[in-house]
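Undergrad: Below: one structure in structure tokens.
The values are calculated or read from the model by the stated rules, or taken from the named source; none is laboratory data. On a predicted model such as this, the values are computed, not experimentally measured, just so you know. Because the Cβ atoms are built from the backbone with ideal geometry, glycine has one as well, and the counts that use them run over all protein chains shown.
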């Protein structure tokens, strides 16, 4: 549930402050995209809110666009911010730091 609120707040704030040419920096970035299994921790987080999806929030708009056939995928925080910038037509620079070099390759 913690990531859900972190991502929700991150996107609401980013939507207010992001401007063309800014740099988004995140450490411990993790994977850009997660696929859900039938069971998992996600059931107690976004899985509980999905049936009640709220409109007028960019977080839910992005998730709805990503999951048109039901909740199957979820973005990491950096991917959420990059998708937000794409939707707003902004070109931003992203610096992603993680101990796993494969994270930056995706």
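Undergrad: For the subset of segment 35-54 comprising residues that are outside any helix (DSSP H, G or I) and buried (at least 16 other Cβ atoms within 10 Å of the Cβ), which member is modelled with the highest pLDDT?
TA: Of all residues in segment 35-54, those outside any helix (DSSP H, G or I) come to 35-40, 45, 53-54.
Next, only the ones that are buried (at least 16 other Cβ atoms within 10 Å of the Cβ) stay: 36, 45.
Working: 36: 87, 45: 84.
Top of the filtered list is 36.
Undergrad: Anything in segment 4-26 that is out of contact with any strand residue (DSSP E or B) (no Cβ under 7 Å at 6 or more places or on another chain), touching a residue at least 60 places away in the same chain (Cβ under 8 Å) and either assigned to a loop (DSSP other than H, G, I, E, B) or surrounded by fewer than 16 Cβ atoms within 10 Å (Cβ to Cβ) (or both)? List them, or say none.
TA: Scanning segment 4-26 gives 6, 18, 19, 20, 21, 22.
Undergrad: Determine which member of the set 96, 63 is surrounded by 12 or more Cβ atoms within 10 Å (Cβ to Cβ), in contact with a strand residue (DSSP E or B) (Cβ under 8 Å, 6 or more places away or on another chain) and not in a helix (DSSP H, G or I).
TA: Only one candidate qualifies: 96.
Undergrad: Same structure, new question: Please work out if residue 90 is surrounded by fewer than 18 Cβ atoms within 10 Å (Cβ to Cβ), touching a residue at least 12 places away in the same chain (Cβ under 8 Å) and not in a loop (DSSP other than H, G, I, E, B).
TA: Taking the combined requirement at face value, the residue does not satisfy it.
Undergrad: Inspect segment 45-53 for any residue being in contact with a strand residue (DSSP E or B) (Cβ under 8 Å, 6 or more places away or on another chain) and within 14 Å of residue 3 (Cβ to Cβ) and give the result as yes or no. Steps first, please.
TA: Of segment 45-53, the ones in contact with a strand residue (DSSP E or B) (Cβ under 8 Å, 6 or more places away or on another chain) are 46.
Within this subset, residues satisfying the condition of being within 14 Å of residue 3 (Cβ to Cβ) are 46.
Scanning segment 45-53 turns up at least one residue that is in contact with a strand residue (DSSP E or B) (Cβ under 8 Å, 6 or more places away or on another chain) and within 14 Å of residue 3 (Cβ to Cβ).
Undergrad: Give the number of residues within segment 66-87 that are assigned to a loop (DSSP other than H, G, I, E, B) and either at pLDDT 90 or above or crowded, with 16+ Cβ neighbours inside 10 Å (or both).
TA: 4
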